[in-house]
Each structure stands twice: as C-alpha cells, then as structure tokens.
Amino acid sequence: MALSNMTALAETMRAVVWQGQPFNISVLDVPKPTIQNATDVIVRMSRAAICGSDLHIYRGTMEGQVLPVGIGHEGVGYIAEVGADVGSLNVGDAVIVPFTNPDGHFETALTPVPYAAFGNGGALGGTQAEYLRVPHADGGLIPIPAVNYTDPTTNETTSLLNDYVMLSDIFATGWTALDFAGFQPGDTVAIFGAGPVGLMAAYSATLRGASRVYSVDYVPERLRLAASIGAIPINFQTADPVDQILAREPAGVARSVDCVGFEQVNRNLTVQSDVILQNMLAVTAVNGGMGTVGVYSHGGRDTASQPRASSIHTDFNLSLADFWSRGFHWGAGISRPLDLAPQLLHLVASGKARPGFIVSDVIDIEDAPAAYARFNNHSATKVVIAFDH
C-alpha cells in the first residue's frame, strides 16, 4: 500500500451520517476530528447509543439541522488525545460524553451557559463515530471508573458500558422529568411513553420511592420491560388510558410526565402532538405537577434539513382557567447530565442502578442502517453501537 493511501486511511473514520433523506442513514468514511483548541480532547468511542431524538432527525422532522449530520449524542469512550490546556483528563481515561457541551464561560443564575448539542450537524460531531472532538473537555465530560477495554466482550464489561452510556442522556432525562413534575417520595406517577426515556423515568421513579408508577404505551415489549421494574403497564390501544388510570386512582396521580414529544400518537396510531398533554391534564390530581422532557419541534415549511416539517403540528388550545383553578404546575425542557452526574454515577458505580437493562441490541457500526429501521418500527427497545478497536 502506498504511503499516501496509508495516511489517507489514518485521517478518516467510520461514522453514522444523515444527509437529508427521511428514513435513510448511511455509514461513511469521514475526516477524523483533530484538536482545534487547547481545551479540546479527542475521545475514542467505545459505545454509542441510538436515541429517540435521533429518530426525529432520521424521519426528517427535527428543525435546525445542518447537513450533513454526523448523528448521535450518547456515548462512552476513552481519551485518545488532549489539548495543551486540558488539566483534569489524561490519555486513556474512561469518560461519558453528555449530550450537551458547555461553551466554556462562567455560569450564573442570571446568565445560564448556552449549551451546544452533539449529533445535530452543528460545530460538534456525533457520537456514532469512531472518534469525537469534545470542546471545553475539563468541564464537559464525566470521568468514570476504569473499564477493561482490553477485553470489551466480557459480559461484565459489556453490562457496565451499557449502564454508563445511559448517563449521557436518557437516565438523566428520565430523572429530570420527575424533577420538572415536582416529584416527592411516595407520589403516584403516570409516565406517558415507555420508550427509552419513558422507561428511564419509570426506573427513576422506582429508585426514588414512588408508591405506584403507571407506564403508558402500546408496544408489548416496552410494557413488559416497564412491568419488570415494578410499573403498572397501561396499553392505550386496549382502552382509554385516562379511564384505566382513574379507575385505579380516582383522585388522579400526583405527577404525570411526557417522555415522547411531538411525534406522539393517539389510539389510532396517528401523530397527534397534544394527546399526551390532554391525557396528563385529565389524570393529574388537583395541585399536582406535570413534567415534559419529550422533544418539541416547530413544524411549518419543508426544507432540505427538515423535509417532513409540514407533518408536524404543535400548536393547540389549552384552558388556562382549568389549569389555574386546579392548581397545576408544569415544568419542561432539556436535562443537564453534567449536573446530575455525581448522584447518577454513584448509583451506577455502586450497583444500585443498572439502567442498561433496556438495551435490546448491541451492534457493529456497519449495521446501523438496519438498526435504525428496527428502532423506528419498535422492533428494538434500545440499540448500542459497539466499536471494535
């Protein structure tokens, strides 16, 4: 092999890329990232996960994408290179990559730090790639206990890596959904959606001392997993979920959460972006709380980076009189895995929490297109890409 060809190979990597075609992703050779600033590190990925938010991109409904999109925002790996000003990380350190990355400025209560997200086609790459550049690495990564990368195929190592990947996004997001709703130990909780985030919310509620947890979905395997962690499965295709929950909780539940977002479906399996909110309003007790962590995107005009935008309708009527008179409060937004890292990391490291129980498929990156299709049609619950180094 010619030296020039060897150099070219060394400067590329395999990555999952979305190029603007709905329901179609590719695995391509792309340039390997390099240190650009003294506070950067390069992470050699060991595991990356496919998230429900990635499906919004895959379906062409997520706004704000810059084509082509290096996809993925969940992952763990180890430090391969460090910038000159990185002080707390060394080559070989095992780290979790949170889905958001701080901009490096000091944060106050009045001036919250703007966060950039991995895997949306912006300046940051996607985690579903062999390597990832992480800016402001000292404050933007979560160090984890050493993992045996010399033999990543052992059951113990695979299980630990799958657990730690969940701290990138969905474990923190499920936990945050409860915080948004004002959860307290002993509360009853209705969780709408039993996809990965919904299952993490149900798992978090159990860990945090909920008295009863209702998990609302229609996919049998998801409901089976919810039941396996002690949640009460509610199949909304079998009967109206509001009726099913109120039959067990006549006064309503103390907390309800939306873990689906704007592509949620009604009992006819037709997209209806407000059906969960309407159900939450109907099942939440007086003076109760609601939390929303499902992603919401603006619809409107189809564009190259949002080719199915016109299929999204997220504007709807809400009676503020009813909301006020029943004393509800409602929190919504994104989670901040970096803030939750100390407590969630300790739960996993101690063995008290094993969020990797939801993983159904561990695949090679070359199998990502087929895995996305399975995840999209609910044949897979949670997919993890394992990089064989």
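The values are calculated or read from the model by the stated rules, or taken from the named source; none is laboratory data. Keep in mind the model is a prediction, meaning the values are calculated, not measured. Backbone-built Cβ (ideal geometry, glycine too); neighbour counts: all protein chains shown. These area figures cover heavy atoms from the full protein model, side chains too; ligands, DNA and RNA do not enter into them. Shrake-Rupley method; radii C 1.70, N 1.55, O 1.52, S 1.80 Å.
Say the dipole of the range 170-332 comes from +1 at the beta carbon of Lys and Arg and -1 at that of Asp and Glu; which of S273, Q306, G331 then lies farthest toward its positive end?
Toward the positive end, the furthest listed residue is G331.
Can you compute the helix-only [θ] at 222 nm over the chain? Use -39500 (n - 2.57) per DSSP H run of at least 4 residues, normalise by all residues, nearest 500 deg cm²/dmol.
My calculation for the chain gives -8000 deg cm²/dmol from helical runs alone.
So what's the convex hull volume per residue for the Cα atoms of the range 170-332, in Å³?
Roughly 108 Å³ of hull volume per residue.
Taking the Cα-to-Cβ direction at D367 and at S26 and moving 7 Å from each Cα, how far apart do the two end points lie in nm?
2.3
Could I get the Rg over Rh figure for the chain? Both from C-alpha atoms, Rh via Kirkwood, rounded to two places.
Checking Rg against Rh, the ratio lands at 0.97.
Can you compute the charge dipole magnitude of the range 1-102 about its Cα centre, using +1 on each Lys and Arg Cβ and -1 on each Asp and Glu Cβ, nothing else charged? Give it in debye, rounded to the nearest 20.
About 280 debye.
So if R0 is 22 Å, what FRET efficiency would V219 and H346 give, r being the distance between their Cβ atoms, rounded to the nearest 0.05?
0.10
Sort L89, L160, L269, L320 from largest to smallest accessible area, using a 1.4 Å probe on the heavy atoms of the protein chains.
Largest accessible area first, the residues go L320, L269, L160, L89.
In debye, nearest 20: dipole of the range 174-306 around its Cα centre with unit charges on the Cβ of K, R (+) and D, E (-)?
Result for the range 174-306 is approximately 240 debye, rounded to the nearest 20.
Measure off 7 Å from each Cα along the Cα-to-Cβ vector at V265 and H329, then give the distance between these two points in nanometres to one decimal.
3.6
Determine the shape class of the range 248-350: with a ≥ b ≥ c the square roots of the Cα gyration tensor eigenvalues, call it rounded for a/c under 1.5, and otherwise prolate if a/b is greater than b/c, oblate otherwise.
oblate
State the percentage of accessible surface on the range 170-332 attributable to carbon and sulfur atoms; use a 1.4 Å probe and exclude ligands, DNA and RNA.
That share works out to 53 percent.
Report the extension gain between L246 and S310 in nm, rounded to one decimal, defined as 0.36 nm multiplied by the number of residues separating them, less their alpha carbon distance.
Length gained between L246 and S310: 19.5 nm.
Report, in whole Å, the centroid distance computed from the Cα atoms of the range 34-95 and the range 310-325.
Cα centres, the range 34-95 to the range 310-325: 36 Å.
At 1.4 Å probe radius, can you tell me the per residue accessible area of the range 170-332 in Å²?
Here the per-residue accessible area is 41 Å².
Relative contact order (percent) for the chain, with alpha-carbon contacts under 8 angstrom and 6 or more residues of separation?
18
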